[in-house]
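First the structure, in the form of structure tokens, and then the observations on it.
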Amino acid sequence: MKKIFVYTTLILTAFSCRKDNYEAPSSMLSGHITYQGVPVNVSSKDVTFELWEPGWGKNGAINVAVNEDGSYSALLFNGNYKLIIPPSQGPFRSITDAETKSDTMLLTINGSREMDIEVMPYYMIRDAKMELSGTTAVNSSCRLEKIITDANARNVESVFLYLNQTSFVDATNYIARSSLSGGDITDPANVHLSVNIPDVISGTGITGDQDYVFARIGVKISGVEDLLFSEVQQINLK
């Protein structure tokens, strides 16, 4: 029994050494989620896509998080991968790949590579503008362009204007917000919202200690969990 234990320990130790001696991944895959070359802005880290590497006996995918500006990056080993955006991810639909005739994209990694991933968003936020109104509020305007108009089309449930002290601005990172119901939008080409700037947030005076805030428009689409966003804009208060 002692000999078996020793042999087993030696085998496990050798396996562990070989595993530890594997080279770390060194190829960077990066780019943006885009529509016609324009980045699709989302909530930070809430939207992901999957990379599958066939042939290694792995049961799980590599999940790649999308940043708030639509950018992504993943450090990978060289090899062949399958890229899949799960149907539940993002305020958009996948585009059928010409090679696979499905929503699966094949890609080869052999050194660092930049690649944008084209999708079909339900809407795009166009001409987003946010500006200070007096000293107490931020006004915004934008145009909502409906991209998907076939049987997969969806309505706008709500539009939001968010403010935050940092550049991370979304439905879970804000100090103030206002909203407009989709049913109250009379002209999608001319959507306006206004939100008051809080005087005090957690004991810190916004107008006294920080002379700027960050603003962002978000759109909730009916039946879609992830919001669509405009770019983040810094609003100077003084």
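Residues that are open to solvent by less than 80 Å² (accessible area, probe 1.4 Å) and either outside any strand (DSSP E or B) or under 14 Å from N196 (Cβ atoms) (or both) within segment 165-178 comprise Q165, T166, S167, V169, A171, I175, A176, S178, listed in sequence order. Run T166 past the list (1) under 15 Å from V232 (Cβ atoms); (2) at pLDDT 95 or above and report the number of the one that doesn't hold. The one condition T166 does not meet is (2).
Take the conditions surrounded by 13 or more Cβ atoms within 10 Å (Cβ to Cβ) and closer than 30 Å to A24 by Cβ and apply them to P86. Does it pass?
On the way: surrounded by 13 or more Cβ atoms within 10 Å (Cβ to Cβ): yes; closer than 30 Å to A24 by Cβ: yes.
The answer is yes for P86.
The residue that is modelled with the highest pLDDT, among those in segment 30-59 that are under 15 Å from M105 (Cα atoms) and open to solvent by 70 Å² or more (accessible area, probe 1.4 Å), is W52. For beta carbons closer than 6 Å, sequence separation of 6+ or different chains, a first residue in segment 21-48 that is within 18 Å of P87 (Cβ to Cβ) and a second that is assigned to a strand (DSSP E or B) and open to solvent by 10 Å² or more (accessible area, probe 1.4 Å), the qualifying pairs are T48/N63; T48/A65.
G90 falls short on exactly one of the conditions (1) within 20 Å of the chain's Cα centre (by Cα); (2) assigned to a strand (DSSP E or B), and that condition is (2).
Filtering M120, M130, M124 for residues that are open to solvent by 50 Å² or more (accessible area, probe 1.4 Å) and among the hydrophobic types (A, V, I, L, M, F, W, C) leaves a single hit, M120. Restricting attention to segment 60-74, the residues being in a strand (DSSP E or B), open to solvent by less than 40 Å² (accessible area, probe 1.4 Å) and out of contact with any Gly (no Cβ under 8 Å at 6 or more places or on another chain) number 3.
Could you grab me the full set of residues in segment 141-158 that are loosely packed, with under 13 Cβ neighbours inside 10 Å, farther than 20 Å from T186 by Cβ and out of contact with any Lys or Arg (no Cβ under 7 Å at 6 or more places or on another chain)? D150, A151 - these are the residues of segment 141-158 that are loosely packed, with under 13 Cβ neighbours inside 10 Å, farther than 20 Å from T186 by Cβ and out of contact with any Lys or Arg (no Cβ under 7 Å at 6 or more places or on another chain). Of the residues making up segment 140-148, not a single one is in a loop (DSSP other than H, G, I, E, B) and of a type in the set (S, T, Y). Residue count for segment 89-106 under the criterion of being aliphatic (A, V, I, L, M) and surrounded by 15 or more Cβ atoms within 10 Å (Cβ to Cβ): the result is 1.
The values are calculated or read from the model by the stated rules, or taken from the named source; none is laboratory data. This is a predicted model, so every value here is computed, not measured. Neighbour counts run over all protein chains shown; Cβ positions are idealised from the backbone, glycine included. Surface accessibility is based on the protein's heavy atoms, side chains included, excluding ligands, DNA and RNA. Shrake-Rupley method; radii C 1.70, N 1.55, O 1.52, S 1.80 Å.
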